[in-house]
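First comes the structure, then the notes that go with it.
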Amino acid sequence: MDKTSSAPVYSGDFREGGPASIRWELLSFAFHPTWIYLLFYGSGEVARSLHTNAGIPANAYDIGYYASAAALVLTMLIGVVATKRFMRLALAPALVVGAPLAASLGTLLYVANAVTPTAALVAAGGALTGFGSALLAARWAALFGRFSLQALMANFTLLLLLIVALCLSTGYLPREAQLALLILLPLASGGCLRAAERRMRAAPRSPGQSRDNPAWPPDSRRPKLAASRLVLFVAAVAAIGATAALLGAFIDNDERFDYGGWFYLIATVLALAGADANLRRSEPRALPPLFIAPVAALVVLLLPQTNLSENFMAAVAYPIGSIAFELLLLFAAVLFARRYHASPARCFMAARLAFALSDAAGAAAGTAILEQSDALAIAYLASLLLMAGSGVLIAAVAVTVFLQRPLPVSAAPADGIGSEDEYVEAPAPVHAELTPHEAIVRRCQGLAATFGLSEREGDVLVLVAEGRSSARIQEDLSIAAGTVNYHTRNIYAKLGVHSRREVIDLVLGGGGD
């Protein structure tokens with residue numbers, strides 16, 4: 001037998017270890033949301049010194065916040081309109097270095113304002129942080145989009161744990177150390193991102209694989225994302241953002257029940273349930289180290305906070321929930337992009353733009369409602385919003401877990417938006433110049449990445465597609481007969497087929513792209 005027949009088929013990843021292994025490239029994203037938390041959502045001595053200062057008007061920090069939001073919205077709007085050019089610019093050496101420096105310099109201006117109060121410092125700091133954060137986030141989304149679905153979901157709980165641990169642990173550092181860490185975090189985020197991008201580009205690839213995305217061949221025609229699907233996704237994000245902002249505003253009406261905190265807590269629990277369901281289906285043996293242990297650690301971290309904080313939901317759950325929701329938004333955008341073969345960066349920027357605008361609209365609406373309504377009416381409205389928002393989140397998790405199979409490339413609609421900017425890498429038809437074995441391996445690589453097959457399932461898929469019997473597969477891979485049957489059943493379920501003949505037809509006939 002040709003030795004390459006049983007070579008690992010990677011589910012969109014670029015190094016060995018299987019789709020359920022821990023990826024430092026994904027986990028290093030934790031520096032970015034931790035920086036956002038410390039700068040805008042945190043509490044404690046550092047947050048108070050950044051947010052308020054007797055030497056300037058009380059709304060000076062708000063000016064910086066709005067300047068940051070405006071810069072982020074403008075930058076991401078440009079990114080959505082011209083994604084391809086935007087990403088090329090973001091990956092230019094000057095901005096690869098300049099984006100984290102801008103975010104770090106903006107943070108330094110916030111810190112300087114705490115020492116020498118000046119409203120202009122806060123406004124300039126806000127503009128720089130918004131611009132730098134937008135560029136970094138878009139590149140992170142593009143990087144996340146290069147990983148398989150299984151790798152993303154396997155590392156979700158660990159990443160959430162790392163973010164929460166960093167956010168909570170910084171409060172125990174001396175004030176000077178916290179301020180220094182706050183300034184350095186954007187540089188750490190940018191450095192880890194650059195290292196991950198370089199590692200991916202330098203990783204070994206099979207013949208014909210794309211340098212930018214090892215899951216797909218380089219010469220493929222790439223489908224356009226239908227405008228209706230993107231609009232529906234963005235509208236759902238906007239609805240959730242407005243709901244979260246409204247519920248967050250209602251804390252001013254009743255400090256005993258933080259509706260916004262509960263909303264974010266429900267969203268996080270549902271996301272964890274989705275990650276749990278995905279791991280149970282794809283890598284059940286990885287459940288203890290990649291889900292059960294991180295969830296237990298999360299509980300251990302958060303439980304003491306209920307006693308340390310006078311109002312746990314408002315002081316801990318809401319700010320950390322806000323940051324966790326940033327992570328959920330990134331994952332949702334990347335999963336949406338993978339399902340419809342779209343640009344992860346573009347989907348994320350569109351979603352983040354919608355969330356920022358809807359958050360501002362929801363906060364304004366909440367202020368208006370507080371001025372016009374009595375406490376009972378507000379409590380009733382908040383309860384309805386909490387239930388409705390939770391229902392939308394439950395539906396979103398159900399869709400992600402049970403309907404995650406991507407649409408066929410051949411079925412991509414022709415009414416795409418924009419021009420070439422929306423194209424992303426997708427599986428290509430088998431090329432005539434390839435040997436039959438190379439063509440089958442390439443085809444199986446695309447199917448494995450598209451349908452979330454594990455590494456060993458990818459191995460079995462290649463052999464099944466080549467017409468080998470179960471006994472021959474058992475011999476070639478040195479595994480038990482029951483293991484062959486187990487992997488074969490999983491392949492059937494994930495590909496939506498019922499026989500070996502259907503598998504061979506799917507691979508050789510080009511269906512399912």
Would you please state which residues of segment 132-151 a label at Val97 would reach in this model, taking the label point 7 Å out along Cα→Cβ and a backbone N cut-off of under 11 Å?
-> none
With r as the distance between the Cβ atoms of Thr306 and His437 and R0 = 51 Å, compute the FRET efficiency 1/(1 + (r/R0)^6) and round to 0.05.
-> 0.30
Spin-label model distance (nm) - Asn485 vs Ser228, 7 Å beyond Cα toward Cβ = 4.5
Förster radius 30 Å - calculated FRET efficiency between Ile504 and Ala398 (Cβ-Cβ, nearest 0.05) | 0.40
Stretch gain in nm, segment Ile78-Ala364, where the contour uses 0.36 nm per residue and the Cα spacing is subtracted = 100.5 nm
So for the pair Tyr172, Leu357, with labels modelled 7 Å out along Cα→Cβ, what separation do we get in nm?
-> 4.3
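Coordinate-derived values only; no laboratory data. All figures in this text were calculated on a predicted structure; none of them were measured in a lab. When we count neighbours, we look across all protein chains shown, and the Cβ atoms used for this are built from the backbone with ideal geometry, even at glycine.
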